[in-house]
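The values are calculated or read from the model by the stated rules, or taken from the named source; none is laboratory data. What you are looking at is a predicted structure, and each value in this text was computed from that prediction instead of being measured. Here the Cβ positions follow ideal geometry from the backbone for every residue, glycine too, while neighbour counts run over all protein chains shown. Each accessible area value is taken on the protein alone, full model and side chains, heavy atoms only, with ligands, DNA and RNA left out. Shrake-Rupley method; radii C 1.70, N 1.55, O 1.52, S 1.80 Å.
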Amino acid sequence: MNDLRAVELLIIKNKPVECECCNGKMFYQSGGVYKCQDCGDEQMDDFGKVKWFLDENGPCTSMMILKATG
């Protein structure tokens with residue numbers, strides 16, 4: 001039952017919990033960035049993607065952000 005709950009949380013909150021590279025556990029760093037405790041791979045949640053896009057491109061319309069980050 002805990003595995004099902006983890007999947008539900010992943011879908012609801014869109015926060016990476018398992019590393020795409022090695023299946024290790026992801027830990028929150030800051031600003032929407034998560035880092036794998038095993039291999040060091042970094043992944044971003046939706047907030048992190050938008051933050052990264054705005055940091056790189058400056059102020060943009062919501063449509064530009066949507067097209068770039070999904």
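Calculated FRET efficiency, residue 22 to residue 53, Cβ-Cβ distance, R0 = 25 Å: about 0.40 to the nearest 0.05. Close amide H partners of residue 41, meaning residues 5 or more places away or on another chain with modelled amide H under 5 Å apart, are 36. Residue by residue, segment 25-30 carries 3J(HN,Hα) couplings of 7, 8, 10, 5, 9, 5 Hz when phi is fed to the Karplus relation 6.51 cos²θ - 1.76 cosθ + 1.60 (θ = phi - 60°); x denotes Gly or Pro. Going through (1) 15.1, 48; (2) 13.7, 43; (3) 14.0, 49, the figure that equals Rg and Dmax of the Cα atoms in Å as computed for the structure here is (2).
Using 0.36 nm per residue and subtracting the Cα-Cα separation, the extra length available between residue 69 and residue 29 on full extension is 12.4 nm.
Averaged over its residues, the chain has an accessible area of 76 Å² per residue, based on protein heavy atoms and a 1.4 Å probe. Taking the accessible area of the chain, probe 1.4 Å, and keeping the other protein chains in place, the carbon and sulfur fraction comes to 55%.
Taking 0.36 nm per residue of sequence separation and removing the Cα-Cα distance, the residue 62/residue 5 pair yields an extension gain of 17.3 nm.
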